[in-house]
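Undergrad: Handing you a structure now.
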Amino acid sequence: MLRREFLVVSLGFVAACAPLPDTNPLGRDARKSLTISAVEVSTSGTGFESVRAADHSSALAPDLKAVLEREFSDRMAPGGPKLVVDVTRINLAGATTTAFGRDKSQMQGAVRLVDGNGATVASYSIQVVAGDASGSTAGAIWSSAIKSADQYYRALVVGFARDTREQILGGDLPGGRLLRELSN
């Protein structure tokens, strides 16, 4: 009986230590040397699912482009593929509806790396959520008072850019983001 338990625990340990398969369409070497020549953001087909989201319809593309360019500033160089973003939907919830758990702010889109010939090198699906329901009524009232839909909008844009970088290049080492932000 003891031997069987040992085998089960050993196999479980080996499975836990085994590396996860890499689902990124770009290989590790391609990610290491990847440079991005330009960033394009399209919101022409975006579903603005709330009045608050529609209020940001003209600002979404330039705001997201600026944050993506800052997020990839260490990788921007001529000759690389273009980063093409199509935002498909955005919902911007109010602070009260978020705090009481009736709605969440969300943004979805598709990101493609497109080479100079117009061929897609890699594509990614990005979805970010901002805002959580409070655990108590008092917390919901407090959260409603100090947060705003504009803060959720900013969190969606920044979160979308960070998730894009992480999906394309992989996660940063501890302190990597801080070091990159300080060097910009």
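Undergrad: Would you say Leu34 is under 18 Å from Glu166 (Cβ atoms) and at pLDDT 85 or above? Even if it seems obvious, please write down each step before you answer.
TA: Numbers: under 18 Å from Glu166 (Cβ atoms): yes; at pLDDT 85 or above: yes.
It is true that Leu34 is under 18 Å from Glu166 (Cβ atoms) and at pLDDT 85 or above.
Undergrad: Is there a residue in segment 166-182 that is at pLDDT below 85 and among the polar types (S, T, N, Q)? Working first, answer last.
TA: Initially, segment 166-182 is screened for residues at pLDDT below 85, giving 170-182.
Now drop any that are not among the polar types (S, T, N, Q), which leaves none.
No, the conditions are met nowhere in segment 166-182.
Undergrad: Now for a separate question. Take segment 47-69 and flag every residue that is charged (D, E, K, R) and at pLDDT below 95. Steps first, answer last, please.
TA: Start the filter on segment 47-69 by keeping residues that are charged (D, E, K, R), which leaves 49, 52, 55, 63, 65, 69.
If the condition is that a residue be charged (D, E, K, R) and at pLDDT below 95, then Glu49, Arg52, Asp55 are the ones that fit.
Undergrad: Okay, moving on. Just one of (1) of a type outside the set (Ser, Thr, Tyr); (2) assigned to a helix (DSSP H, G or I); (3) at pLDDT below 95 trips up Pro78, so point out which.
TA: That leaves (2) as the condition not met.
Undergrad: Follow-up question, since we're still on this one. Provide a single number: the residues in segment 45-58 that are farther than 12 Å from Asp150 by Cα and out of contact with any strand residue (DSSP E or B) (no Cβ under 8 Å at 6 or more places or on another chain).
TA: 2
Undergrad: Let me ask another. Could you grab the pairs with beta carbons closer than 6 Å, sequence gap of 6+ or different chains, first residue in segment 19-32 and closer than 15 Å to Pro81 by Cβ, second one modelled with pLDDT of 85 or more?
TA: Pro25/Ala122; Leu26/Ala122; Arg31/Leu169
Undergrad: Here's a follow-up. Quick check: anything in segment 40-51 charged (D, E, K, R) and part of a helix (DSSP H, G or I)?
TA: Quick first cut of segment 40-51, residues charged (D, E, K, R) only: 40, 49.
The next check asks that each one be part of a helix (DSSP H, G or I); those that pass are none.
No, segment 40-51 contains no residue that is charged (D, E, K, R) and part of a helix (DSSP H, G or I).
Undergrad: OK, next. Does Ala99 satisfy being under 17 Å from Thr35 (Cα atoms) and either at pLDDT below 90 or exposed (fewer than 14 other Cβ atoms within 10 Å of the Cβ) (or both)?
TA: Working: under 17 Å from Thr35 (Cα atoms): no; either at pLDDT below 90 or exposed (fewer than 14 other Cβ atoms within 10 Å of the Cβ) (or both): yes.
Against the criterion (under 17 Å from Thr35 (Cα atoms) and either at pLDDT below 90 or exposed (fewer than 14 other Cβ atoms within 10 Å of the Cβ) (or both)), Ala99 does not qualify.
Undergrad: Quick check on segment 124-165: of everything there that is among the hydrophobic types (A, V, I, L, M, F, W, C), assigned to a helix (DSSP H, G or I) and surrounded by fewer than 17 Cβ atoms within 10 Å (Cβ to Cβ), which residue is modelled with the lowest pLDDT? Give the steps one after another, and end with the answer.
TA: Of all residues in segment 124-165, those among the hydrophobic types (A, V, I, L, M, F, W, C) come to 126, 128-130, 133, 138, 140-142, 145-146, 149, 155-158, 160-161.
Next, from what is left, pick out any that are assigned to a helix (DSSP H, G or I): 138, 140-142, 145-146, 149, 155-158, 160-161.
Among the residues that remain, those that are also surrounded by fewer than 17 Cβ atoms within 10 Å (Cβ to Cβ) are: 138, 141-142, 145-146.
Details: Ala138: 69, Ile141: 70, Trp142: 59, Ala145: 63, Ile146: 55.
Among those that are among the hydrophobic types (A, V, I, L, M, F, W, C), assigned to a helix (DSSP H, G or I) and surrounded by fewer than 17 Cβ atoms within 10 Å (Cβ to Cβ), it is Ile146.
Undergrad: Something else: Within segment 57-75, track down each residue that is surrounded by fewer than 19 Cβ atoms within 10 Å (Cβ to Cβ) and assigned to a loop (DSSP other than H, G, I, E, B).
TA: Across segment 57-75, there are no qualifying residues.
The values are calculated or read from the model by the stated rules, or taken from the named source; none is laboratory data. Worth saying up front: this structure is predicted, and the values here are computed from it rather than measured. Using ideal geometry, Cβ is built from the backbone for each residue, glycine included, and neighbour counts are taken over all protein chains shown.
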